[in-house]
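**Q** Okay, handing you the structure first.
Quick note: the coordinates plus some simple rules give every number you see, no bench work behind them. Given the structure is predicted, the values throughout are model-derived calculations rather than measurements. Here Cβ is always computed from backbone atoms with ideal geometry, including for glycine, and neighbour counts include all displayed protein chains.
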């Protein structure tokens, strides 16, 4: 019998007593087998890894599998707080702005980036526009389903520069503190 078959038999026997044995339980069984000089190859570390992998594969799709909610379902919602305890991670528009003007400011930022590249981050206009569009940045970042990085990079190229991501974090932190 080859090693793979022996691992399958071993896992089947272990699962008769415990459907999802822990790593330490597997290690105990494997050490006992090795002490009895049953030839399964050299060492028990690789055998332990094979046994745990086999258990995970056998349990896949069963009651021990972790299921994630489908991102396309309407039940996929963010909780009221993020991991830092911030409940205002979706700020409101500045009083003097509308959705249209904020979107125009975002487009202006994209245009500046096209013309000047990442070096445009030094301009005061970019800093001001990034602050004005903070609410739209947060809206895009927190979309459901979450946007991919390339989509965000095309909408917010300056957000991927160290200066702007740091400024974004500071604004977010300030929003959460107030």
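**Q** Please compute the length gained on full extension between residue 153 and residue 56, using 0.36 nm multiplied by the number of residues separating them and subtracting their Cα-Cα distance. Intermediate values should be presented prior to the final figure.
**A** Numbers: separation 97, 0.36 × 97 = 34.92 nm, distance 3.69 nm.
That works out to 31.2 nm of additional length.
**Q** List 6, 32 from most exposed to least, where exposure is judged by having the fewest other Cβ atoms within 10 Å.
**A** On the way: 6 17, 32 10.
Ranked by crowding around the Cβ, least crowded first: 32, 6.
**Q** Roughly how many nanometres apart are two label points built 7 Å out from the Cα toward the Cβ at residue 12 and residue 111?
**A** Modelled inter-label distance: 7.1 nm.
**Q** Stokes-Einstein at 4 °C, 1.567 mPa s, Kirkwood radius from Cα pairs: D for the range 99-177 in µm² s⁻¹? The partial results should precede the final answer.
**A** Numbers: Rh = 12.7 Å.
It comes out at roughly 102 µm²/s.
**Q** Hey, what D do you get for the range 3-59 in µm²/s if you plug the Kirkwood alpha-carbon radius into Stokes-Einstein at 4 °C and 1.567 mPa s?
**A** Numbers: Rh = 11.2 Å.
Reported coefficient: 116 µm²/s.
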